[in-house]
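The numbers here are math on the coordinates, done by the rules we state, and not lab data. Because the structure is a prediction, the values reported are computed rather than measured. Cβ placement follows ideal geometry from the backbone for every residue including glycine, while neighbour counts extend to all protein chains displayed.
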Amino acid sequence: MQNKSKLDDTNIGKLLLRLSLPATIGMLVMSLYNIVDTIFIGKYVGTSGIAGVALAFPIQMIVGAIGQMIGIGGASLLSRSLGEKDFDKARRTLGSVVGAVLIAGGIITVIGYARLDSLLRLFGATDTLLPYAHQYLSIVLSGILVHSLAMALNNMARAEGMAKIAMTTMILSALTNLVLDAVFIIVFGMGIQGAALATVIAYVVAALFLVIFFRSGKSTMKLKLSTIRLDPEILREVLSIGVPSFIRQAAMSVLVVLLNRTLGRLGGDIAIAVYGVIMRLLMLVFTPIMGVAQGLQPIAGYNYGAKRFYYMRRSVIMATITTTVIAVAGTALLSLFPDEFLGLFSNNSQLLSQGRTALRIIVLAFPLVGFQVVVGTLFQATGKALQNLILTLSRQVLMLIPMVLLLPRFFQLKGVWIAFPAADILGFFLTVFVIFHSRHNYSIKPAAEAAS
């Protein structure tokens, strides 16, 4: 009943703020950690270290996609179960989510260690960058299982309205990482291995905090060993919603591989480093957008489950306006001050010169992204797997990958950067088309609710 009161609030603006703000703060802290981590590597290891971590990133993304797939699917089911007052189903969902991530995390760890160098070569590692990527990833792989568990449990906490718990988890993990980065890299001189070790310890801290929370009795569901089991019916529904998220992350990993290979061919190792830096800068803008989306998810799911479509639609409109304002402001800052942002990571003149042009091109159509994220979150929260899958694939697969393959043939290296705004524009029009043809799913009914 405690969690019902959190999501039953009809003051949608206040509720969206209450759930989005903690998510945004937590994710911003995580983004800042990634930025500071890259700054440490750039200053104390060099641009080769930045490029090496960028090459390891696709593998980390695939691993994270597993945790996100199960966590997001479970979160959608959990929110709707709470809206329907089916608390038994909510508890079974938690047990199935934990069981699934433990099995998946263990399998991925074994495969990762068995084929580490082959994977890095496949993902574009050159002879120069392979040692850096190997040193980093060989340590990070040891924390894959706990990382997947933390990601899934954080989604579950947020889905029942415990946004502050999700925020605290991310802040605790990020601060642990930042402090240990400074200790391992600066004090002990461990270089890129120090950054990886700090990351693994931060994973462990986040997972322990969430396990303690779900065993404390403060949640609707209490995590026990006896409840960790795979319920086929629950797992089927979790995966039907979560698979689009996994495909999106996996597709993004494929995209990063394609980008690394294309950038290495057209611009060398420095172009790979430029991309690595720009992606971290974009995280600063994308993070609050995702924070709003994560705040929207339980609200939309709960009201959909409770058949309160009017409040669900209000939450979507408010979230769209908010994310668009964020995207416009972020685009303006990055376009006006590219040298100041890029200079945080490195003083390398080539990186600054190439990065300035690349950053301004990449963010050209970024203001359109907020709407796409919100609509995708709506479909995810309400269990519309097909629409969610279409929009999930739109930017990373249907749009961006073809653009990356096509445009460099005409514009060389600049074509890689042009591919990003081109994909954003095409993705926006696809999103408009899909939501227009799905609007009947979200009609305001019954009439009495609209009148109220």
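Descriptive notes on the structure:
- Cut-off 15 Å between beta-carbons: net charge of the residues surrounding residue 62, Lys and Arg +1, Asp and Glu -1: +2
- Selection of chymotrypsin sites (Phe, Trp or Tyr not before Pro), the range 188-276, meeting DSSP coil and at most 13 other Cβ within 10 Å: 188
- Shape category assigned to the range 305-452 from the gyration tensor of Cα positions, a/c cut at 1.5: prolate
- Of the chymotrypsin sites (Phe, Trp or Tyr not before Pro) found in the range 113-151, none is in coil by DSSP with at most 11 other Cβ atoms within 10 Å of its Cβ.
- Mean Kyte hydropathy of 1.6 or more with a Cα span along the axis of at least 30 Å, helices from DSSP in the chain: 191-215, 413-437
- Stokes-Einstein, applied to the Kirkwood radius of the range 371-422 over Cα pairs at a viscosity of 1.002 mPa s and 20 °C, places its translational diffusion at 179 µm² s⁻¹.
- Spin-label pair residue 344/residue 102, simplified geometry with 7 Å Cα→Cβ offset, distance in nm: 3.9
- As a rough guide to protection, the peptides 369-379, 247-257, 11-21, 216-226 ranked by mean Cβ packing within 10 Å, highest first, stand as 369-379, 247-257, 11-21, 216-226.
- Estimated at 0.36 nm per residue, the fully extended path between residue 115 and residue 356 surpasses their Cα-Cα distance by 83.1 nm.
- Positive minus negative residues near residue 320 (Lys, Arg vs Asp, Glu; Cβ under 15 Å): +3
- Taking every alpha-carbon pair under 8 Å whose residues sit at least 6 apart, the chain reaches a relative contact order of 24 percent.
- For the range 10-451, the share of alpha carbon pairs falling in successive 20 Å distance bins from zero is 26, 60, 14, 0 percent.
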